[in-house]
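**Q** Mind looking over this structure? Questions follow.
Where a number appears in this text, it was derived from the coordinates with a stated rule and is not lab data. What you are looking at is a predicted structure, and each value in this text was computed from that prediction instead of being measured. Here the Cβ positions follow ideal geometry from the backbone for every residue, glycine too, while neighbour counts run over all protein chains shown.
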Amino acid sequence: MTTKSEALQITLTGGVANCIPLPAPPRGKLDRLVLKQVTGTAVAATFSIFSRRGACSRANDIVVSSGTLATVTNSGGKALLTFVEARQLVQGAKLLVKGCSVSGYNREHSVTGVVSDTQVLTDVDYSADGAGGFWQISPQPALLDPVMYLVHSGSVVANTPLIALGLQRAYENSDIRDISGVRTTCLWLELTPEGSGSQTWQVAISTLADSLV
């Protein structure tokens, strides 16, 4: 196996699950992880590293039609989804919604009508006005629990760098690939620090690339 090491500095928001790409070979083992807060009031944090971007609570899969959900409102007793970005969807399309303020909408929806490029009516019953979140077309079993793509997780103590060595956590890129088979970044760090406002963190990883890559 060939060792690959990367270090980066990231700016993120306290109290929010931040999804950060980690450069890594498409297949191998995560061996070393270092996390350290460098600006802002010292806070604790939790983290998870996934082999699929869509496993992060605030991110969509790669190479699929997706976007940000603005609102969910009522239309004849059914959920009317309004998107931030214009998308051309068709009746019968399957959508996965997550991160909406009304948890009952965080599930798979079937499009029953296209109102405009930014609005679709779905088969899900309306329960209350919702806001925020993400949506994406469901081209594979998108409802699999994110833990199926979990490589490593843990917590960071306030004012104390996390240093984890010799992890030997095997992974393989689980992101959806385009028709050319090109793989993009394959490890994703979901870091959720306490507090609020802008913070700066540093992260370093070492991976062992599989010889078959």
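**Q** Excluding residues fewer than 8 places away in the same chain, name every one of the lysines whose C-alpha is closer than 30 Å to that of residue 29.
**A** Straight-distance partners of residue 29: 4, 98.
**Q** Can you list the equivalent-ellipsoid semi-axes of region 66-137, largest first and in whole Å, using the square root of 5 times each Cα gyration tensor eigenvalue?
**A** 15, 13, 11
**Q** Further question: Counting alpha carbon pairs within less than 8 Å and at least 6 residues apart, what relative contact order, in whole percent, applies to region 66-137?
**A** Contact order relative to length: 43 percent.
**Q** If you check each cysteine of the chain for another cysteine whose beta-carbon is under 4.7 Å away, which ones come up empty?
**A** 100, 186
**Q** Note down the relative contact order for the chain as a percent, whole number, built from C-alpha pairs under 8 angstrom at least six residues apart.
**A** The normalised contact order for the chain reaches 47 percent.
**Q** For the chain, what D do you get in µm² per second when you plug the Kirkwood radius from alpha-carbon pairs into Stokes-Einstein at 20 °C and 1.002 mPa s?
**A** 116 µm²/s
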